Structures are given as structure tokens and as C-alpha cells.
Amino acid sequence: MNGWAKFFLLIVCCIFTLILWPQYDKTGLQFMGMLCLLWTCIILLVSIVGNIFALYKFEFLNRLVSLAFLAALLASLIYYFPLKNDQTPYLRMKNNIWPTIADAKAGIQRLTFNFDFVRRNVHREDNYVNQQLNKASASKKNIQKAVQKTQEVLDIIVEPADEENAQ
């Protein structure tokens, strides 16, 4: 396994840890960043030393180093990843609290990014003028009031620009 494959394995293990144990907070993300930095340096160091001594010629030794890397990476993730209430994944598994499908779904939800900006921002008060129409009831009178208020707000916004042009 070369350095790129080890780096890819590092990223995959970190993402799976974040997904399986979503009970982390800001310190968990900081830990993940520092862990990735540390293991990236270790990968570079092992790759350089391995190339200097031509360890790639010895397939058994190369596989042994790769297995040791994977075991050390998983051990550092499971024993030291900080969760809420001063727990780690190891302590949770030791107490028979294993990751469930609900934990995995919550972890995936925490890692996803909402690209649908329109739907995400609709509930903010200052986002769209047309939101007032959604808050009005179905009666025509309430909708007309909401439209009139919206027109007044727009007229106030437009008026200072007209006064500057007239002077």
C-alpha cells in the first residue's frame, strides 16, 4: 500500500468514525483535524523511510507495515476520539453501547451540507419579501394587508433614491 492509499484510508476511517459516533462536539472536530495532520505526517515519514530502504521490494514487510498502520489508526480513533460526557468510542463499546442505525443516520445528517439555499433560508424574517404572503391567512383581506405592507416597505426603500436624484 503506497502513501496515497494510506491517506485515503485515513480519510475514510475518520469519516466513518464521525458517522458512527455523532455524539461529538467542537472538540471532536478539532481532534479529527489534529489526528489527520498527525497521521499525514506519519504517512509521509514512513513513505520516505520506506523508499530510502527500498521496503517496497519486500511485499510481506510492506503489508506488515500497512496492517500496523491500519491497527494504530483505528486504535487512535477508537481510544481517543472525544465524545460528549467525557466518553470515547472505546468506553461506549465497553459498556455495550454500540453504534445503531439511528446513530449512523444522525452522523450522516451532521456531515451533509444543504445546497438548497432557497428552502433553507425561507424561514428567516429578512430573506424574501414574499414571505409575508405565506404568513397571511387564506382570506383575501389578510393577503391584501400583507401586500400593502410589502408595498409600503418597498416605497420607503425606493424614496430616498428618488429624493437624491431630484436634488
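A few remarks follow.
- Full-extension gain in nm, Asp25 to Ala5, via 0.36 nm per residue minus C-alpha separation: 4.3 nm
- Fully extending the segment from Ala106 to Asp155, taken as 0.36 nm per residue of separation minus the present Cα-Cα distance, adds 13.1 nm.
- Rounded percent of accessible protein surface that carbon and sulfur make up, segment 24-85, 1.4 Å probe: 75
- Accessible-area ranking of Arg92, Arg63, largest first, probe 1.4 Å: Arg63, Arg92
- Note on Trp98 and Cys36: the model spin-label points, each 7 Å out from Cα along the C-beta direction, lie 2.9 nm apart.
- Accessible surface, segment 6-103, averaged per residue in Å² (probe 1.4 Å): 65
- Qualifying lysines (Cα of each under 21 Å from Cα of Lys145; at least 8 residues distant if same chain): Lys135
The values are calculated or read from the model by the stated rules, or taken from the named source; none is laboratory data. Because the structure is predicted, anything quoted here is derived from the model rather than measured. Counting neighbours? That spans all protein chains shown, and the Cβs are built from the backbone with ideal geometry, glycine included. Side chains are part of the model used for accessible areas, which takes the heavy atoms of the whole protein and leaves out ligands, DNA and RNA. Shrake-Rupley method; radii C 1.70, N 1.55, O 1.52, S 1.80 Å.
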